[in-house]
1. Which of the residues spanning the range 137-152 are under 29 Å from residue 267 (Cα atoms) and either part of a helix (DSSP H, G or I) or touching a Gly at 6+ places or on another chain (Cβ under 6 Å) (or both)?
2. Criterion first (in a loop (DSSP other than H, G, I, E, B) and surrounded by 18 or more Cβ atoms within 10 Å (Cβ to Cβ)) does residue 232 satisfy it?
3. Given 298, 240, 284, which one is outside any strand (DSSP E or B), farther than 16 Å from residue 177 by Cα and in contact (Cβ under 8 Å) with a residue 40 or more places away in the chain?
4. Name the residues in the range 266-305 that are of a type in the set (Gly, Ala, Ser), in contact with a Lys or Arg (Cβ under 9 Å, 6 or more places away or on another chain) and surrounded by fewer than 22 Cβ atoms within 10 Å (Cβ to Cβ), would you?
5. If I ask for residues that are open to solvent by 30 Å² or more (accessible area, probe 1.4 Å) and within 27 Å of residue 294 (Cα to Cα), which ones from the range 136-162 would you list?
6. Taking the range 199-211 as the search range and keeping residues that are open to solvent by less than 30 Å² (accessible area, probe 1.4 Å) and in a strand (DSSP E or B), which one is nearest to residue 240 (Cα to Cα)?
7. Does the range 247-262 contain any residue that is open to solvent by less than 20 Å² (accessible area, probe 1.4 Å), among the small types (Gly, Ala, Ser) and part of a strand (DSSP E or B)?
8. Quick check on my filter: what residues within the range 49-60 are part of a loop (DSSP other than H, G, I, E, B) and open to solvent by less than 80 Å² (accessible area, probe 1.4 Å)?
Amino acid sequence: MTVTLTVPASGLRADQFLSQTLDQLTRSAAQRLLEEGRVFLDGKALKKNHRLQAGDQVQVHIPDPEPVADLQPQDIPLDVVYEDADVIVVNKPVGLVVHPAPGHPDGTLVNALLHHCGSSLSGINGSLRPGIVHRIDRDTSGLLIAAKNDAAHLSLTAQLQDHSLYRGYEAVVVGGFREDSGTISLPIARHPTERKKMAVNHYSGREAITHWQVLERFSGYTHLACRLETGRTHQIRVHLSAQGHPVLGDPVYGGVRKGFPELEGQCLHARTLSFRHPRSGEALTLECPLPPYFAAVLTRCRRIR
């Protein structure tokens, strides 16, 4: 499959442009496509460090899906919220890792999707992440969409890039807010010394924007709705922690846990997902209820305010 991408601004490296435009294509995967001679400008194969100009038309030859023989389908229960021939949306529980990674070779959402969908998953992200368009953290619950073919995958990643794919979260965070709503715009990059963490970085970070609104105030805690405009790793958790309001139960970014025995992970739930169907163009909005642990936290907070 070949796709044509338009460069929005001058100065971007070819590998940087690919990983940002096809948002869930990793930088290393983008570099691999370039090294394999699959990316062209004016009929010539691009080098990964080539600086592009605004308006350039870049052709990307997406290879056929890699075999997924190394991954075994596993009969892991899925809460399917929506499914058709192109996409599947599931309500992921706390504790389920999205795709295999060091320390989590199986028992992941990908293993469950392989059992449920068979071979009908997109291959753009390679053999370890078939179908995965975006991710949510292991200890975050809620809606996640996967693509069943490459055309659907490319459509959904384009919607992530132009911010038309809406992702609405709810969270309980530490502390109170004077305002009823606001926007956090702080660039995010890998933490300089702790490689499993992300951090606000004004020098090398990528643009990250989170909109928030107070849903309910408690004594020492606040129930928020959050909307992602961008989708950086750990974005909501990093942004709220940087503002002095870490997500309740988040051990990485400073959220307390003591006094909330019902917590199963950080108190963060991907509740709403809106997107254009990649085949029909129909606008779809899906929602899932708060999980029991989240509802129990709200009940406890209401008792102590």
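The values are calculated or read from the model by the stated rules, or taken from the named source; none is laboratory data. Here the structure is a predicted model, which is why all the values come from computation and not from measurement. Positions of Cβ are backbone-derived with ideal geometry, glycine not excepted, and every protein chain shown enters the neighbour counts. SASA here: full protein model, heavy atoms, side chains in, ligands and nucleic acids out. Shrake-Rupley method; radii C 1.70, N 1.55, O 1.52, S 1.80 Å.
1. Passing the criteria: 139, 146, 147.
2. On the way: in a loop (DSSP other than H, G, I, E, B): yes; surrounded by 18 or more Cβ atoms within 10 Å (Cβ to Cβ): yes.
Here the answer is yes, as residue 232 does meet what is asked.
3. Numbers: 240 fails: farther than 16 Å from residue 177 by Cα; 284 fails: outside any strand (DSSP E or B).
The unique qualifying residue is 298.
4. Start the filter on the range 266-305 by keeping residues that are of a type in the set (Gly, Ala, Ser), which leaves 270, 274, 280-281, 283, 295-296.
Now restrict to residues that are in contact with a Lys or Arg (Cβ under 9 Å, 6 or more places away or on another chain): 270, 274, 283.
Scanning the range 266-305 gives 274, 283.
5. Matches in the range 136-162: 137, 138, 139.
6. 210
7. No, the conditions are met nowhere in the range 247-262.
8. Answer for the range 49-60, where residues must be part of a loop (DSSP other than H, G, I, E, B) and open to solvent by less than 80 Å² (accessible area, probe 1.4 Å): 50, 52, 54, 55, 56.
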